[in-house]
Amino acid sequence: MGSKYPRSVRYCLPPWILTLEVALILVFLFFTNYDNSSKDRKKLMGTYGAVFQDITVMAALGLGFLTSSLWRHGWSSMAFNLFMLALGVQWAVLLDGFLNQSFFRKVVISLSRIQQATMSTMSVLISAGAVLGKTNLGQLAFMTLMEVTVFGTMRMLFRKFFLMEDHISMMHIHVFAAYFGLTVAWCLSKPLAERAEKKDQMAVSPSLFAMLGTLFLWMFWPSFNSALLNSPNERKNAMFNTYYALAVSAVTAISASALAHPQGKINMTHIHNAVLAGGVAVGTSCHLIPSPWLAMVLGLMAGLISIGGAKCLPVCFNRVLKIHDTCSVHSTFGLPGLLGGINYIVLMTFRASWTNNPMISYQVLIDTGALSLSMAMGLASGLLTG
Amino acid sequence: MGSKYPRSVRYCLPPWILTLEVALILVFLFFTNYDNSSKDRKKLMGTYGAVFQDITVMAALGLGFLTSSLWRHGWSSMAFNLFMLALGVQWAVLLDGFLNQSFFRKVVISLSRIQQATMSTMSVLISAGAVLGKTNLGQLAFMTLMEVTVFGTMRMLFRKFFLMEDHISMMHIHVFAAYFGLTVAWCLSKPLAERAEKKDQMAVSPSLFAMLGTLFLWMFWPSFNSALLNSPNERKNAMFNTYYALAVSAVTAISASALAHPQGKINMTHIHNAVLAGGVAVGTSCHLIPSPWLAMVLGLMAGLISIGGAKCLPVCFNRVLKIHDTCSVHSTFGLPGLLGGINYIVLMTFRASWTNNPMISYQVLIDTGALSLSMAMGLASGLLTG
Amino acid sequence: MGSKYPRSVRYCLPPWILTLEVALILVFLFFTNYDNSSKDRKKLMGTYGAVFQDITVMAALGLGFLTSSLWRHGWSSMAFNLFMLALGVQWAVLLDGFLNQSFFRKVVISLSRIQQATMSTMSVLISAGAVLGKTNLGQLAFMTLMEVTVFGTMRMLFRKFFLMEDHISMMHIHVFAAYFGLTVAWCLSKPLAERAEKKDQMAVSPSLFAMLGTLFLWMFWPSFNSALLNSPNERKNAMFNTYYALAVSAVTAISASALAHPQGKINMTHIHNAVLAGGVAVGTSCHLIPSPWLAMVLGLMAGLISIGGAKCLPVCFNRVLKIHDTCSVHSTFGLPGLLGGINYIVLMTFRASWTNNPMISYQVLIDTGALSLSMAMGLASGLLTG
């Protein structure tokens, strides 16, 4: 990586990152504090700690290995993934503290804040799937800081002006991250597309690693979707719905992949992506769905859309838009995320028509706005970063 | 896979599976409901949820990677494993509900039901180890539905007529699944054995993946053996006994494997199988064993039997019976399962002779019957499915 | 492995190990008992059980895969790792019981005892990183028994005579294990260094496995550092401090590795080692650090020291001392462990000067003594074993 840059650039990057790290330490020195209330302590010992661990496993292992299948140097994508995770979490904790507290008090570091920071940083890891192989360490560090800042600001705006719940605003992560990644990839890909093409060759063994990443994400997704919900009943619904949506989308993805192939074989990349589409699609509305069949329908649709997207879109993307979406981030996170957002809006509309509650129909408008806003923000900030 | 079938068969399989999935969704739509009692909610938050997650990890990761070592396309065995797991769990939940509730009420989906469904589906994943590489997607889907149905019916019979505990009837899974798989493999293997032979070549890297699967099973086996026990004391005993049996069988397997090899080297396949034999053997009686040495003796015997079986049996199996047991399912799950069953009967006999309780000696008779029944059921239904 | 020994040695080793295993079973038969108090039962169900599982995952998976990168036969290092873990835990439980109870009562097997035994055995797994590839099964079994015995005795001495807490004495494991391993490697390496050199070639796929091990260690290290602390507040501090130290050392290690390489590339081995250095360094004092910045500084220093050590030391080690430290155990565990010990002493000194408490300054003396003692014990017993 980075060997195409002049020697001087390559030499000044790592010291710059080390300086950044030292600056972060100084900010932590002056502005932060541990949360010493006993509430946080109890949370850590209970299920909350277990859910936090699941999310760390998803971020470090799952997303790391998911993107490891394509590269000549698969391990470098792992190392970059770990680098972005570690840097992003530190920055996201600070940012979350600065945006939500007054500037005069110290930022209190609590478990739920670190957990939200980890989830925000996952947006960077998702986006990175579209640009890895075209960037060097410095660009990734810059992208991490930018994306975490924009996503954090967006969530604060949602919370302040739209009174949106944490869970809903977090679930826009997939749409935001996918379009952010695609836009950055569009800005970067022009001169490098040919070189990257060669690295797309897949071997069997890295593909098994990607399968490992997929499985870890598949297994722990129910924890991710239920992490920010407070009522135990909502959490239970969220876990079960996500479980069913994932099971159906796994079955659908594998059969549809065999159907799409002329010889009935299963395409590896399709599986890696479409198996997870159900979990993405069900994310926004998982705590509201009252019975499993709706989640299963969503899983079925997400699986089909994801396979369809992976089959048809790369051709037109590569030709018309000159975007080279290396890990098919768009069909894994972008399209199912849109499906989930639309489904949430439809669900709220139904509820509004049942209860004749104008509040809820107003809420629907806001959600539509939020969905398009997060898409637009993704596009705009991606363009800016690019 | 499947390239040996005429084009028409290959094309009609995936749509058939998608139709099956849609049918399952419809059944879920009309016949199921979430459990909204607060009891289930609390279970999910406590250790019960953690145990459920361990079992999902074992099923998806452990068994998936355990069988991934042998194939030219290791990843396809992973994909098939995930496919069977996702399909089997959906069907097993429905079946369990239909068999245990009246037909007029809706099936209530609770965490413990999904957990038992996952454990039932593991029988399919174990059997699949004997037939993978010889089947296509449609055959596997059919096998999944058949095996889950037969196993579910068998467990219901045990519960209704023999008043057997859930834990004991679940532990017959190993014997049942191994003989089911072997019979199916016997029916399928004749014309294809030569082709499969070639795929048996092992490379180092897939073997590391299989080791990963073995390790995940090894680490989480105590959760599996204690999952269906209710009293905390029994659970604790079950976990400790399983832990010790596994530790001893790991040491035994590695030394015995070095002993069996003419140059003192360790055979990879032996390790993958024999390391787990202790956990299988101790399964049935793990909650009754009062001190560690008995579990350790069981682990020692299981390790030796498993290595012996893996060393001697394949030769006679391949020659005489023309069965090609690709993942040596028989020596991993079949023989140690038998050992465990016999050990349970012996233990109950001792207890009967101590207490002079005719009830228990009657129980012993039933257990012997159940063990042979599960073996016979495995053989018969395997023949039918084949 | 072992093919360089005469045939007779190779044949008598495995039976010897099986005899050892039978002897262990006999000892367990006569001298042990399960803990049947309800206290232990509750612990198992709560977070304690989860922490125990995390540590098993770290020992079996993390350390197993960490050392799997270098060998021609990566899987054999995995098998040896499992073998040493299973054997070491059995012996450590017995030893811990014999040293801490009177000889006339039976050893009570409780969860916390198994957990401490697992942690003691990790010292063997760390040391093994320095000698794997140069030893056979029998030598490893002997080394396991020796090292567990010495480490157990050392911890008992610390507890009896210095009144040291369990947590502190356990954290000397890194320094002890690294120097033990190095000394054994020094004794063994002379005739075999040339052959081992050839096995140092790395391939991409095993390196991904080592990355997997690193990630598992990285994710579960907070559990390791907080496992032996009793007060919930100390546990929480320990977890957060470890988390931050690991995050900073990951960022530092990746940038420093790029800085050290003439072409700005990232060295795989550096990453595997230095990423974990933060967790090692923060270990001893993690429950005392009140705010994150100190942990972050420690992480930064540990990352730099570890990369520096990995860069410079192998040259002089190989030339001057003729030690061949195959998995760079010294720079991963030895140097950061020393840093952590020194930091703990400095921290205690500051506290002593604040409070003017002579007790604490006396404590500091003891700690300095303990640190050098564990280093000396590591060197001496390693020499003896070698």
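Using a 1.4 angstrom probe on protein heavy atoms only, the contact between C and A buries about 4700 square angstrom of accessible area, both sides summed.
Averaged over the residues of C:233-240, the number of partner chain Cβ atoms lying within 10 Å of the residue Cβ comes to 5.
Packing, taken as the mean count of other beta carbons within 10 Å per residue, orders the peptides B:86-92, A:252-258 from highest to lowest as A:252-258, B:86-92. With the label put 7 angstrom out from Cα along the Cα-to-Cβ vector, C:Leu288 ends up 5.4, 5.4 nm from the copy partners, going from closest to farthest.
Each of the peptides A:304-310, A:112-118 was scored by the mean count of other Cβ atoms within 10 Å over its residues; in descending order, highest first, they stand as A:304-310, A:112-118.
For B:Trp186, the solvent-accessible surface computed with a 1.4 Å probe is close to 90 Å², ligands and nucleic acids excluded. Karplus-based coupling profile of region A:87-99, in residue order and whole Hz: 5, x, 5, 4, 5, 5, 4, 4, 4, 4, x, 5, 6, with θ = phi - 60° in 6.51 cos²θ - 1.76 cosθ + 1.60 and x standing for Gly or Pro.
Per residue of B:290-297, other chain Cβ atoms within 10 Å of the residue Cβ number 6 on average. Peptide A:208-216 has a mean shielding of 6, counted as Cβ atoms of other protein chains within 10 Å of each residue's Cβ.
Ranked by the mean number of other Cβ atoms within 10 Å of their residues, highest first, the peptides B:169-175, B:27-33 fall in the order B:169-175, B:27-33.
Amide H contacts for C:Val107 (H built 1.01 Å from N in the peptide plane; partners 5 or more residues away or on another chain; cut-off under 5 Å): C:Thr32, C:Asn33.
The values are calculated or read from the model by the stated rules, or taken from the named source; none is laboratory data. Treat the numbers as computed from the prediction; the structure is a model and nothing was measured. For neighbour counting, all protein chains shown are included, and Cβ atoms are generated from backbone atoms with ideal geometry for every residue, glycine included. In case anyone asks, the SASA skips ligands and DNA or RNA and just uses the protein heavy atoms, side chains included. Shrake-Rupley method; radii C 1.70, N 1.55, O 1.52, S 1.80 Å.
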